[in-house]
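Inspection log for the structure reproduced underneath, given as structure tokens.
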Amino acid sequence: MTRLARPIHWGLMSFALLLAIAVQTTMAFAVPKPIAIPEGGTEMVQFDNPGFFKASIRNSDPKVGTIESFEVSNLPFKHAVRVTSKQIQPNSWDVIAHVRTKSVAIEASDVCLLSFWMRSPWSEHESGNGVANVFVELNEPPHSKVMRERVSAGATWQHIIVPFTAGSTFNLPAGKVSVSIHMGFRPQTVELGGFQLYNYKKRIKAIDLPHMEVSYAGRELDAPWRKDAAKRIEQYRKADLQVNVTDAAGKPVSGAKVHVQMTRHQFRFGTAVTAHMLGMDPTWAKDAGDHKRFPYTEADVHKYREIVEQNFNWVVLENDFKMFPYLNGLKNAKKDYRKLLYRRDWLNNALTWLNERDIKVRGHRIFNGRMPRRVDWDPARKEELRNWIISQAKDKTAFAGQRVTEWDCINHPMWGGGDKTLLSYMGEPDFYAKCIAMGKELAPHAQMWVNEGKIAVGDGGRADVYEDMIKTLHKYNQPPDGIGMMGHYNTSSLVAPELLYQRFERFAAYAPRIQYTELDITTNDRQLQADYMRDAMTTAFSHPKFIGIIQWGFWAGKHWMPEAALWTKDWQEKPVAKAYRDLVFNQWWTDESGKTTAKGSANFRGFKGDYTLTVTHNGKTQQIKTTLGDDGQTVNVKLD
């Protein structure tokens, strides 16, 4: 749900303040009402004048993208532009729109309000929404910026409002101000119109300007779905534990104190990690890695490892097993390159570090649905690609060995759709089934999963083709061991928990296991992020087929979407981290004490996982480790 509100957590910033755009996840939309612009500001853009904005494509190359002007009706504006990016661009500004301004300056600390409309009929972004970076900047080099914000919108027009306080270090002179919208991310179509920019100088505070508050159906703490989820969690995630205590003669001991302490979840709570943060010598921190994009210190390396060890029982190597990072890692290690992110020795060390701590590892990935990029989609190079795929698969699985417990055997099988997948390129209906079979042959100890995005987010745009692909695997007698759903959410793609559960149910019949494989929530609204993490995790944890929730990173210093991280760059715990830890180590954690009855038994119902039991009576203490599994557990303790 979306409603107009006054911001409640904002302070003045040098960059954009919170932007909130929302789409109600019932997927039935009306055009939202425009938000009234407060009076008192100086108009900087002539409203709905197409001469004030234009889009451009790198080198005007039609292979890069296209631009089309068109008119809309039943909206506050008439003129719009449709911009399509046909490929992942080298630079986000390779597909761009510029909005020219009137001869009005923005001085340091001026309070301004940017308003425009946006929608995205089609996008390959994992959220299912069109994504853009928006800047208010100097219209000539060095393009100094006084506001920056990432925005997104789905298939319905969204009125985007960005109130901001200009940076305090420089001014943008009159006639030198521009609004720039960068759209060169995943292939997508973005439509824009109705631009407005107002400068209120110092006459108002940004905190007093309107913004859009984002929510979703079922967020309320008393929402009915929570009771059903709690019942399922009690049924599927807990089991009975009976402790029988006897003395040296084998007689029941009454009144013995029994303390059951959980030490590890059976359920997988994991995160994506990068091998160099776990596998390199921490003293190399000044030199190793890509400090231009990801600056960090030796202290960060130690903190990173501490957080992983304390908060997660599973991990996935984010990029290290992908095509080029894996290939380049061997070369980089042989030549002792350090100013890069990937080295084979770092990967080897990271796997060892994780295995020593009994942190299980997912491999990401053996095959990928976009692999034909390697051969430029040339139909004459199919056998070359096939041989390369087999070679890569053999090398990765042999290198990982028993240290990787499961693989995304086929990642993004349907990304691109139609003729833009590995399956369609090879022209063999059973090709993905062959991939599953090959994975099982090369790593018989490991589970083989399929993994796809845009299933549990937004409108679930890939659900139909993903389901059909999985049915085909069954047809060729190669069902996956598990079904992965990525889960890259932003404010325009949050799904109501009841609908989310229905999405899980749709795929439950096709495999014995389901899990979130790449969960993250990108928003600057920290409370919204925490609440949705709580509710998405609760929904998944309550589903009987779910075995894990793997997040796609945890630290802003090493995250593909820093706003989505649980910990800030300086390691401050965000509300989303508190929400995660509260579920995993409090609400879903068992730490209880009791006393044995006259029959010498104490009964508990706890969350499945590993436990330490401590039994004390008449000065005698015995400690036992046990595992509480699906069938429950009975532990017999003899106090000698």
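The values are calculated or read from the model by the stated rules, or taken from the named source; none is laboratory data. This is a predicted model, so every value here is computed, not measured. Every residue, glycine as well, gets a Cβ built from its backbone with ideal geometry; the counts of neighbours run over all protein chains shown. With ligands, DNA and RNA removed, areas are computed over all heavy atoms of the protein, side chains included. Shrake-Rupley method; radii C 1.70, N 1.55, O 1.52, S 1.80 Å.
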Next item on the list: Could you list all residues from segment 607-624 that are touching a residue at least 60 places away in the same chain (Cβ under 8 Å) and more than 16 Å from Gly250 (Cβ to Cβ)?
Entry: Phe607, Lys608, Gly609, Asp610, Tyr611, Thr612, Leu613, Thr614, Thr616
Notebook entry, point to check: Within segment 97-128, how many residues are farther than 28 Å from Lys205 by Cβ, assigned to a strand (DSSP E or B) and open to solvent by less than 20 Å² (accessible area, probe 1.4 Å)?
Noted result: 3
Check: Restricting attention to segment 38-65, which residues are within 18 Å of Val131 (Cβ to Cβ) and part of a strand (DSSP E or B)?
Finding: Ala55, Ile57, Gly65
Next item on the list: Answer yes if at least one residue in segment 225-245 is touching a residue at least 40 places away in the same chain (Cβ under 8 Å), within 30 Å of Thr597 (Cα to Cα) and assigned to a loop (DSSP other than H, G, I, E, B), and no otherwise.
Entry: yes
Notebook entry, point to check: Does any residue of segment 266-286 turn out to be under 30 Å from Lys322 (Cβ atoms), touching a Ser or Thr at 6+ places or on another chain (Cβ under 7 Å) and outside any strand (DSSP E or B)?
Noted result: yes
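Take the conditions over 16 Å from Asn477 (Cβ atoms) and either open to solvent by less than 20 Å² (accessible area, probe 1.4 Å) or in contact with a helix residue (DSSP H, G or I) (Cβ under 7 Å, 6 or more places away or on another chain) (or both) and apply them to Tyr432. Does it pass?
Here the answer is no, as Tyr432 does not meet what is asked.
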Checklist line | Residue list for segment 130-142, restricted to those being over 28 Å from the mean Cα position of the chain (by Cα), surrounded by fewer than 18 Cβ atoms within 10 Å (Cβ to Cβ) and closer than 14 Å to Ile96 by Cα | finding: Asn139
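Okay, residues lined up against (1) touching a residue at least 24 places away in the same chain (Cβ under 8 Å); (2) within 19 Å of Thr405 (Cβ to Cβ); (3) among the β-branched types (Val, Ile, Thr):
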site	(1), (2), (3)
His474	yes, no, no
Asn477	yes, no, no
Pro480	yes, yes, no
Thr491	yes, no, yes
Val495	yes, no, yes
Leu500	yes, no, no
Ala508	yes, no, no
Ile514	yes, yes, yes
Thr517	yes, yes, yes
Next item on the list: Kindly check whether there is at least one residue in segment 612-627 that is hydrophobic (A, V, I, L, M, F, W, C), open to solvent by less than 20 Å² (accessible area, probe 1.4 Å) and out of contact with any Phe, Trp or Tyr (no Cβ under 9 Å at 6 or more places or on another chain).
Entry: yes
Check: Just a yes or no: is a residue in segment 178-200 buried (at least 24 other Cβ atoms within 10 Å of the Cβ), among the aliphatic types (A, V, I, L, M) and farther than 30 Å from Gly458 by Cα?
Finding: no
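Residues are listed down the side, and each one gets a yes or a no for (1) within 24 Å of the chain's Cα centre (by Cα); (2) under 19 Å from Glu318 (Cβ atoms); (3) polar (S, T, N, Q):
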{"residue": "Ala333", "(1), (2), (3)": "no, yes, no"}
{"residue": "Asp336", "(1), (2), (3)": "no, no, no"}
{"residue": "Arg344", "(1), (2), (3)": "no, yes, no"}
{"residue": "Leu347", "(1), (2), (3)": "yes, yes, no"}
{"residue": "Asn355", "(1), (2), (3)": "no, yes, yes"}
{"residue": "Arg365", "(1), (2), (3)": "yes, yes, no"}
{"residue": "Asn368", "(1), (2), (3)": "yes, yes, yes"}
{"residue": "Met371", "(1), (2), (3)": "yes, yes, no"}
Check: From the set of residues in segment 160-200 that are polar (S, T, N, Q) and part of a strand (DSSP E or B), which is farthest from Asn74 (Cα to Cα)?
Finding: Thr165
Notebook entry, point to check: If you take the residues in segment 324-343 that are hydroxyl-bearing (Ser, Thr, Tyr) and touching a residue at least 60 places away in the same chain (Cβ under 8 Å), which one is surrounded by the fewest Cβ atoms within 10 Å (Cβ to Cβ)?
Noted result: Tyr326
Checklist line | Count of residues meeting criterion [in contact with a Leu (Cβ under 9 Å, 6 or more places away or on another chain) and either open to solvent by less than 10 Å² (accessible area, probe 1.4 Å) or outside any helix (DSSP H, G or I) (or both)] in segment 530-558 | finding: 15
Check: Restricted to segment 436-460, and to residues that are among the charged types (D, E, K, R) and modelled with pLDDT of 95 or more, which residue is nearest to the chain's Cα centre (by Cα)?
Finding: Glu452
Check: If you check every pair at least six apart or on different chains, which have Cβ atoms under 6 Å apart with a residue in segment 186-197 that is more than 13 Å from Trp157 (Cα to Cα) first and a residue that is of a type in the set (A, V, I, L, M) and not in a strand (DSSP E or B) second?
Finding: Phe195/Val45; Gln196/Val45; Leu197/Met44; Leu197/Val45
Check: Quick one: in segment 326-375, which of the residues that are among the aromatic types (Phe, Trp, Tyr) and part of a helix (DSSP H, G or I) is nearest to Ala288 (Cα to Cα)?
Finding: Trp346
Note to self: Take the conditions closer than 22 Å to Met533 by Cβ and among the basic types (Lys, Arg) and apply them to Arg268. Does it pass?
What the structure shows: yes
Next item on the list: Run down Lys578, Lys595, Lys608, Lys569 and say which single residue is basic (Lys, Arg) and touching a Leu at 6+ places or on another chain (Cβ under 6 Å).
Entry: Lys608
Checklist line | Test for Trp377: is it at pLDDT below 95 and among the aromatic types (Phe, Trp, Tyr) | finding: yes
